[in-house]
1. Any residue in region 86-115 that's on the phi > 0 side of the Ramachandran plot: show its pairings with residues that are modelled with pLDDT of 90 or more at Cβ separation under 6 Å, as long as the two are six or more apart or on different chains.
2. For the subset of region 53-65 comprising residues that are at pLDDT below 95 and among the hydrophobic types (A, V, I, L, M, F, W, C), which member is surrounded by the most Cβ atoms within 10 Å (Cβ to Cβ)?
3. Is at least one residue of region 43-51 surrounded by fewer than 21 Cβ atoms within 10 Å (Cβ to Cβ), over 12 Å from the mean Cα position of the chain (by Cα), of a type in the set (D, E, K, R) and modelled with pLDDT under 95?
4. Report, by residue number, each residue of region 43-79 that is more than 18 Å from PHE105 (Cβ to Cβ), in contact with a helix residue (DSSP H, G or I) (Cβ under 7 Å, 6 or more places away or on another chain) and not in a helix (DSSP H, G or I).
5. Only one of (1) surrounded by fewer than 21 Cβ atoms within 10 Å (Cβ to Cβ); (2) in contact with a strand residue (DSSP E or B) (Cβ under 7 Å, 6 or more places away or on another chain); (3) touching a residue at least 40 places away in the same chain (Cβ under 8 Å) is not met by THR82, so which one is it?
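The values are calculated or read from the model by the stated rules, or taken from the named source; none is laboratory data. Since this is a predicted model, take the numbers as computed values, not measurements. Positions of Cβ are backbone-derived with ideal geometry, glycine not excepted, and every protein chain shown enters the neighbour counts.
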Amino acid sequence: MVPEMKRKETLVLVVDDDAEVLGFEASALSGAGYRVIASTRASHALKFFRSVKIDLVVTDVRMPEMDGVEFAKRVKAISPATAVICASGFASAATEGRNAPCDAFIEKPIAPAALTRHVGALLDA
């Protein structure tokens with residue numbers, strides 16, 4: 001488990017085109033003590049990723065404009081060491097997410113405890 005002091009220093013980028021889901025995920029992570037940046041657009045998130053040191057990314061797989069698989073590929077091309085969690089509620093997207101350069105996959109709906117457990121496990125690795 002990530003110590004509380006380290007969580008306060010950890011920056012997590014959350015990307016989901018559904019603003020309600022995005023808010024839920026961001027709230028769960030900030031409630032667990034992580035610093036969170038949230039974006040409904042992968043292109044905006046990628047620009048931010050290039051300008052700030054992000055410790056971990058949580059991304060939806062199915063999004064318009066740029067899907068989460070492509071987003072994960074671009075994140076890993078910029079920073080291979082950055083952990084990426086892909087999430088989806090669609091069976092076909094789940095297969096895509098598991099084949100993407102993701103370090104973990106979470107099926108939606110996501111329980112807050114499961115999300116924080118996955119984030120903590122990847123940051124401890």
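1. No pair meets every condition.
2. Out of the qualifying residues, it is VAL61.
3. Scanning region 43-51 turns up no residue that is surrounded by fewer than 21 Cβ atoms within 10 Å (Cβ to Cβ), over 12 Å from the mean Cα position of the chain (by Cα), of a type in the set (D, E, K, R) and modelled with pLDDT under 95.
4. Hits for region 43-79 are ASP55, GLU65, MET66.
5. Result: THR82 passes all but (3).
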